[in-house]
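**Student:** Please see the structure below; I have some questions.
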Amino acid sequence: MSHLWVFLHVLGFVMWLGGGIASMFAGIASKSESRAGLGAVVRAQSAVQRMVIAPGALLTLLSGLMLTFALAGMAGANVWLMIMQGAGLVAALLTLFIALPTATRLSRLDPTGNQSAYFDELRKRQKVVGMIWGSLGLLALVGGTLVR
């Protein structure tokens, strides 16, 4: 049964960070877009957030909890395991409770209309939160790699 949880954990992690990297590159490529074109890019990023990143983060979080419960009672805590768990938990919470709602709000705004200042503010928030959870996700990946 633990092999299934490990598979789901890795699958969720690939969805989560892979979608994040794809969204990041779409954001970088959109720097040359006109203001009107940003709306389409943000809607695409929001769709990736809702359909790939958030389910991946949730799957990773839930399977990680199941794997942690399976380890409860085993002797000795590994420092790298704790780094992976801590960084992954914080990154998942940032993704699910800040990045996902921000992406949803962003997709509803018109970048050229009277809400353009709010659009820019949310876009900046999305960049900062994305950098933070992406860095924590990579730290969790390093921690998970060095566990064994």
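**Student:** Take the residues in the stretch 30-46 that are under 11 Å from SER107 (Cβ atoms) and among the hydrophobic types (A, V, I, L, M, F, W, C); name whichever of them is surrounded by the most Cβ atoms within 10 Å (Cβ to Cβ).
**Tutor:** VAL42
**Student:** Across the stretch 69-94, what is the total count of residues that are modelled with pLDDT of 95 or more and among the polar types (S, T, N, Q)?
**Tutor:** Matching residues across the stretch 69-94 total 0.
**Student:** If a residue has to be surrounded by 12 or more Cβ atoms within 10 Å (Cβ to Cβ), among the polar types (S, T, N, Q) and not in a helix (DSSP H, G or I) to count, how many in the stretch 114-148 make the cut?
**Tutor:** Of the residues in the stretch 114-148, 1 are surrounded by 12 or more Cβ atoms within 10 Å (Cβ to Cβ), among the polar types (S, T, N, Q) and not in a helix (DSSP H, G or I).
**Student:** Do we find a residue being out of contact with any strand residue (DSSP E or B) (no Cβ under 6 Å at 6 or more places or on another chain) and at pLDDT below 90 anywhere in the stretch 122-134? Walk me through it before giving the result.
**Tutor:** Narrowing the stretch 122-134 to residues out of contact with any strand residue (DSSP E or B) (no Cβ under 6 Å at 6 or more places or on another chain): 122-134.
Keeping just the survivors that are at pLDDT below 90 gives none.
Looking for residues that are out of contact with any strand residue (DSSP E or B) (no Cβ under 6 Å at 6 or more places or on another chain) and at pLDDT below 90, one finds none in the stretch 122-134, hence no.
**Student:** So, in the stretch 104-119, exactly how many residues are without any contact (Cβ under 8 Å) to a residue 60 or more places away in the chain and within 17 Å of the chain's Cα centre (by Cα)?
**Tutor:** Residues meeting the conditions: 2.
**Student:** Looking only at the stretch 65-79, decide whether some residue is of a type outside the set (Gly, Ala, Ser), touching a Gly at 6+ places or on another chain (Cβ under 9 Å), surrounded by fewer than 18 Cβ atoms within 10 Å (Cβ to Cβ) and free of Cβ contacts under 8 Å to residues at least 24 places away in the same chain.
**Tutor:** yes
**Student:** Considering only residues that are surrounded by fewer than 13 Cβ atoms within 10 Å (Cβ to Cβ) and more than 19 Å from ALA99 (Cβ to Cβ), which ones fall in the stretch 7-28?
**Tutor:** Answer for the stretch 7-28, where residues must be surrounded by fewer than 13 Cβ atoms within 10 Å (Cβ to Cβ) and more than 19 Å from ALA99 (Cβ to Cβ): just PHE7.
**Student:** Kindly check whether there is at least one residue in the stretch 132-139 that is over 20 Å from HIS9 (Cβ atoms) and either in contact with a Ser or Thr (Cβ under 9 Å, 6 or more places away or on another chain) or in contact (Cβ under 8 Å) with a residue 24 or more places away in the chain (or both). Quick ask: steps written out before the conclusion?
**Tutor:** Taking the stretch 132-139 first, the residues over 20 Å from HIS9 (Cβ atoms) are 132.
Next, from what is left, pick out any that are either in contact with a Ser or Thr (Cβ under 9 Å, 6 or more places away or on another chain) or in contact (Cβ under 8 Å) with a residue 24 or more places away in the chain (or both): 132.
Scanning the stretch 132-139, I find at least one residue that is over 20 Å from HIS9 (Cβ atoms) and either in contact with a Ser or Thr (Cβ under 9 Å, 6 or more places away or on another chain) or in contact (Cβ under 8 Å) with a residue 24 or more places away in the chain (or both), so the answer is yes.
**Student:** Further, regarding this structure: Filter the stretch 97-108 down to the residues that are surrounded by 17 or more Cβ atoms within 10 Å (Cβ to Cβ) and not small (Gly, Ala, Ser) and list them by number.
**Tutor:** ILE98, LEU100, THR102, LEU106
**Student:** Would you mind telling me which numbered condition in (1) farther than 19 Å from LEU141 by Cβ; (2) without any contact (Cβ under 8 Å) to a residue 12 or more places away in the chain PHE25 fails?
**Tutor:** The number of the failed condition is (1).
**Student:** Could you say which residue among LEU96, LEU122, LEU100 is without any contact (Cβ under 8 Å) to a residue 60 or more places away in the chain and over 17 Å from ILE21 (Cα atoms)? Please lay out each step first, then the result.
**Tutor:** Values: LEU96 fails: over 17 Å from ILE21 (Cα atoms); LEU100 fails: over 17 Å from ILE21 (Cα atoms).
It is LEU122.
The values are calculated or read from the model by the stated rules, or taken from the named source; none is laboratory data. What you see is a predicted model; the values in this text were computed from it and never measured. Backbone-built Cβ (ideal geometry, glycine too); neighbour counts: all protein chains shown.
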